[in-house]
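Let me begin by presenting the structure, written as structure tokens, before commenting on it.
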Amino acid sequence: MLLRPKSRTIRNLKEFLIEKILFTTAFLAVVITVGIALTLFTEALPFFKSVTLKQFFGDKQWSPLFSDPHYGIWPLVTGTIVTTVIALCIAVPIGTIMAIFLSEYAHPKVREVIKPLLELLAAIPTVVYGYFALLFVTPLMQKFYPELSGFNMLGAGVVMGVMIIPYVSSLSEDAMRAVPMALREGSLAIGATKLQTSTQVVFPSAFSGITSAYILAISRAIGETMVVTIAAGMQPDFTLNPIRPAETMTAYIVQVSMGDLPHDSIGYKSIFVVGACLFLMTLFFNILGQLARKKFWKAY
Amino acid sequence: MMVNNQKAEIKKSKNKEFIFLSVSLILLAVLAITFSALVYDLVSNGLSRIDKSFMTSFPSRFAEKAGILSACVGSLAVMGVTCLLAIPIGIGAGIYLEEYAPKNFITTIIEVSISNLAGVPSIVYGLMALGLFVQKFGFGASILTAGLTLSILVLPIIIVTTREAIRTIPNTIREAALALGTTKWQMIWDHTLPYSMGGILTGIIIALSRAIGETAPLITIGALTFIAFLPASPITSTFPFISFQWLKDPFTVLPIQMFNWVSRPQEEFHVNAAATGLVLVIVTISMNIVALTLRSHFRKKIKW
Amino acid sequence: MENENAIVNNKELRLEVKNFNFYYGQVHALKNIDLLIERNKAVALIGPSGCGKSTLLRSMNRMHDLYPGNRYEGEMILYPEKLNIVSPKVDPLEVRMKISMVFQKPNPFPKTIFENVAYGLKIRGIKDKDLIAQKVQKSLENVGLWNEVKNRLNQSALGLSGGQQQRLCIARALATDPEIIVFDEPTSALDPIATAKIEELVNVLKKEVTIVIVTHNMQQAARVSDYTAFMYMGELIEFGETKNIFTRPSKKLTEEYITGHFG
């Protein structure tokens, strides 16, 4: 005798409901994205009722909490740029060399060990890196270079660079390994060395993939908060000198959040303005990075 | 002549090859030394501070009396909320995108949103939570807000790893199940999910280790740094014996406690910071090692 | 044997494979291969799949060095330098500079057409731009591609058709004046017209360079080669002039293969 299947309508209803629930969970991602954008911009807009765009982009001083307030965003932007550039100067070359080493030279077994170990660098909480930058790296640098101030962008940037090496190395290595073996063989077969093959065939072939790794690293460095808050200081300063203390956009948000500002104050609104700028900057780099990534994976 | 040239050229290329390899190995060594220095610094400054009283004391004005009890409990409570929210939603979204999603405009929008969320700086999540959960919904700087914020933060990680894990299952398995007359959901529940559990679990652990170390978004929502009490107990002596009061309580977590101690000028507090950092590093690194072992274990076990 | 001595005495010998064995880890893939390859002739390696013909070919270019666990035994002596190209003491780079390889599937680099052909020259440290341009043109002319691409040398090689790409890869191998070019089933990914062009090309090229070609297509072997080696299960069963192998093979196994009884 055949087993009677459950009533068809009930079964279909159950399947239908499950699909709708799952769809809702996925659609939450869209809701959250919209939520972030809406919250940032609705909270930030009132700021520009009391501050003109001219003040915002024209002034070189940022001191919204002082009795003589200035609202020029540039000091925070320079702080962010300097620390980001220092971090990239560390992470891009080291990350790329590691990626070439892992993808083209290391024995598969060695790679299986080293790659996850490198990724552990990204697993350490950022607040610990901040501690390391302030209380270990900076004092160490001061031994060689006494003029370095206790809070400085150099130490923060360097440590941040170490922190984002795995982002560069892992993604670049993935891209290089996706380059077909046939291209390597084609190059080696006519007498190229591994290094020539890596730099002249594999690297250019994987270039858009590697670019996306670099761009994502930029976006990481711009958005990184705790290292720069702890080690670079909290005084906005319009300077490009890395041995000076300065405040980044992210550090400013932390600084204000720790205080107790009334929620209709201009200081409170200002962190949403800075946050919105941060959001737009990272969004720009993320989109750029994803375009490069798409281009790469389409090619292979 | 050509041959001589060739020999010289080979020698030159070989030298470059040797230089590159040496540089790679030196850099690897430098990274290993940096990592060791970081751990050594935490151990040498903080290890002696970790004892029973440090783990069971509240923060204090006096560095040597201060402890991380409230931060530990806070971290645990926030992680609990994060798990309850992020894991089901993340896995659900992953399943939907891999098994159900039609190729249409809405799916594209969902996918674009997820990849952008993955790149949003964590502090921006904090600002969103401040404006939305703390202010608009009136949840305050509570454990609930923190859990919500962190679950949103790690959601993309769980979704992406779930999708990757599900994608490795060959279609033949799905067809085999469907051919026996299972419904789609039975197929997913009995086959897709169990076979991809290893990968999903790895993603969850990595996501949680990330959440435990997050500091910035929780500062932004207004987490306190000085908490000398514990949240309300979830179990009560009177009916209905379960209370959700703790969700609304203020809190602190380990990384914020550490940040607070690092930011003080007195060196005694730096010792506390090192000890807290050591606890954090041990927790996050061991979680990652567990995740890595799981991953390689499942990779070895299942070969399609 | 007299034949062998004649070749040696005539100084027409290019490559002598002597008691050659090859191992993939534990797997004994090539067993006691002996083979003499004459200068400026084309040798075809035929046999059923898995017989070791590609393995032998890739040994000549030291391609197996790229993957761990592989081992060569015996000798492959390149004349006139008398260089044992499979000796661990000999740098694979040096071998590959003398012996170039063309692969089953066209594998042009994602660079311009010009850069593809110039690549081999550049890695040999040649910086003279005029010399490079001249060599590139000559190689492209040799493979009959010059007229088709001379107006778009700076466009990506990936825009070429499959047959053009394969001829470009041959030009790339040719540009560095190798002593031998080894072809690993060079037409298996191409349509019949492109295949005919490549075969024609091999016939032209062998006036200047020694050619070893692996093919699964016996008509092709008959059309392009002067000598044919039949391999089976890692062993060299029979080697001789192509016309003899195809008309009156001395071994039964060869005859069975050629008449299509297996493989």
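The values are calculated or read from the model by the stated rules, or taken from the named source; none is laboratory data. The model shown is predicted, which means the values in this text are computed figures rather than measured ones. As a convention, Cβ positions derive from the backbone with ideal geometry for all residues, glycine included, and neighbour counts pool all protein chains shown.
So, in the range A:224-270, how many residues would count as being of a type outside the set (Asp, Glu) and under 24 Å from B:Trp261 (Cβ atoms)? I'd like the intermediate steps shown before the answer.
Filtering the range A:224-270 for residues of a type outside the set (Asp, Glu) gives A:225-236, A:238-246, A:248-259, A:261-263, A:265-270.
Adding the requirement that they be under 24 Å from B:Trp261 (Cβ atoms) leaves A:225-235, A:245-246, A:248, A:250-259, A:261.
The qualifying residues number 25.
Condition test on B:Ser296, is it within 23 Å of B:Glu164 (Cα to Cα) and either within 9 Å of another protein chain (Cβ to nearest Cβ) or crowded, with 18+ Cβ neighbours inside 10 Å (or both)? The answer is yes for B:Ser296. Considering only the range B:81-90, I want to know if a residue exists there that is surrounded by 24 or more Cβ atoms within 10 Å (Cβ to Cβ), within 14 Å of chain A (Cβ to nearest Cβ) and under 21 Å from B:Ala216 (Cβ atoms). Yes.
Restricting attention to the range A:203-223, does a residue exist that is of a type in the set (D, E, K, R) and closer than 29 Å to C:Arg62 by Cβ? Within the range A:203-223, none of the residues are of a type in the set (D, E, K, R) and closer than 29 Å to C:Arg62 by Cβ. Close Cβ contacts (under 7 Å, 6 or more residues apart or on different chains) running from residues in the range A:256-276 that are over 17 Å from B:Ile123 (Cβ atoms) to residues that are outside any helix (DSSP H, G or I) comprise A:Ile266/A:Pro64.
For the range B:10-46, what are the residues that are over 19 Å from A:Tyr129 (Cβ atoms) and either in contact with a helix residue (DSSP H, G or I) (Cβ under 6 Å, 6 or more places away or on another chain) or in contact (Cβ under 8 Å) with a residue 60 or more places away in the chain (or both)? Outline the logic, then answer.
Within the range B:10-46, the subset over 19 Å from A:Tyr129 (Cβ atoms) is B:10-26, B:28-29.
B:Ile10, B:Lys16, B:Glu17, B:Phe20, B:Ser24 - these are the residues of the range B:10-46 that are over 19 Å from A:Tyr129 (Cβ atoms) and either in contact with a helix residue (DSSP H, G or I) (Cβ under 6 Å, 6 or more places away or on another chain) or in contact (Cβ under 8 Å) with a residue 60 or more places away in the chain (or both).
Results for (1) within 12 Å of chain B (Cβ to nearest Cβ); (2) among the β-branched types (Val, Ile, Thr), shown as yes or no for each residue.
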site	(1), (2)
A:Leu53	no, no
A:Phe66	no, no
A:Ile86	no, yes
A:Leu102	yes, no
A:Val113	yes, yes
A:Tyr131	yes, no
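Take the residues in the range B:91-124 that are at the interface with another protein chain (Cβ under 7 Å from one of its Cβ atoms) and among the aromatic types (Phe, Trp, Tyr); name whichever of them is surrounded by the most Cβ atoms within 10 Å (Cβ to Cβ). Restricting to residues being at the interface with another protein chain (Cβ under 7 Å from one of its Cβ atoms) and among the aromatic types (Phe, Trp, Tyr), the top hit is B:Tyr96. Listed by first and then second residue, the pairs with beta-carbon distance under 6 Å, at least 6 apart or on different chains, first residue in the range C:63-87 and farther than 16 Å from C:Val182 by Cα, second small (Gly, Ala, Ser), are C:Gly69/C:Gly25. Residues in the range C:91-110 that are touching a residue at least 40 places away in the same chain (Cβ under 8 Å) and more than 7 Å from chain A (Cβ to nearest Cβ): 6 in all. Counting only residues that are modelled with pLDDT under 90 and outside any helix (DSSP H, G or I), which one in the range A:247-288 is nearest to A:Glu224 (Cα to Cα)? Per the stated criteria, the residue is A:Gly259. Name the residue that is farthest from the other protein chains (Cβ to nearest Cβ), counting only residues in the range C:122-141 that are crowded, with 22+ Cβ neighbours inside 10 Å and at pLDDT 90 or above. Of everything passing the filter in the range C:122-141, C:Leu140 is farthest from the other protein chains (Cβ to nearest Cβ).
Can you tell me which residue in the range A:115-128 is farthest from A:Ile243 (Cα to Cα), limited to those that are within 8 Å of chain B (Cβ to nearest Cβ) and part of a helix (DSSP H, G or I)? Among them, the one singled out is A:Pro116. The set of residues from the range C:164-222 being closer than 19 Å to C:Ile113 by Cβ, among the charged types (D, E, K, R) and crowded, with 20+ Cβ neighbours inside 10 Å comprises C:Arg167, C:Arg172.
Tell me which residues, restricted to the range C:241-263, are out of contact with any helix residue (DSSP H, G or I) (no Cβ under 9 Å at 6 or more places or on another chain) and within 11 Å of C:Ala222 (Cβ to Cβ). First the steps, then the outcome.
Step one: of the range C:241-263, the residues out of contact with any helix residue (DSSP H, G or I) (no Cβ under 9 Å at 6 or more places or on another chain) are C:241, C:244, C:247, C:251-253, C:255-256, C:259.
Within the range C:241-263, C:Thr247 is the sole residue that qualifies.
Working only within the range A:204-214, note down all residues that are among the hydrophobic types (A, V, I, L, M, F, W, C), more than 13 Å from A:Gly95 (Cβ to Cβ) and in a helix (DSSP H, G or I). Lay out the reasoning, then the answer.
Just the residues of the range A:204-214 that are among the hydrophobic types (A, V, I, L, M, F, W, C), to begin with: A:206-207, A:210, A:213.
Among the residues that remain, those that are also more than 13 Å from A:Gly95 (Cβ to Cβ) are: A:206-207.
A:Phe207, the sole residue that qualifies.
How many residues are away from every other protein chain (no Cβ under 14 Å) and assigned to a helix (DSSP H, G or I) when one looks only at the range A:21-51? Before the answer, list the steps.
Going residue by residue through the range A:21-51, those that are away from every other protein chain (no Cβ under 14 Å) are A:48-51.
Next, from what is left, pick out any that are assigned to a helix (DSSP H, G or I): A:48-50.
Looking only at that region, the number is 3.
If you go through the range C:142-156, how many residues are in contact with a Leu (Cβ under 8 Å, 6 or more places away or on another chain) and surrounded by 15 or more Cβ atoms within 10 Å (Cβ to Cβ)? Even if it seems obvious, please write down each step before you answer.
Keep residues of the range C:142-156 that are in contact with a Leu (Cβ under 8 Å, 6 or more places away or on another chain), which gives C:142-146, C:149-150.
Those left that are additionally surrounded by 15 or more Cβ atoms within 10 Å (Cβ to Cβ): C:142-146, C:149.
The total comes to 6.
Scanning the range A:176-194 for residues that are at the interface with chain C (Cβ under 10 Å from one of its Cβ atoms), in a helix (DSSP H, G or I) and under 25 Å from B:Lys12 (Cβ atoms) yields A:Leu183, A:Arg184, A:Glu185, A:Gly186, A:Ser187, A:Leu188, A:Ala189, A:Lys194.
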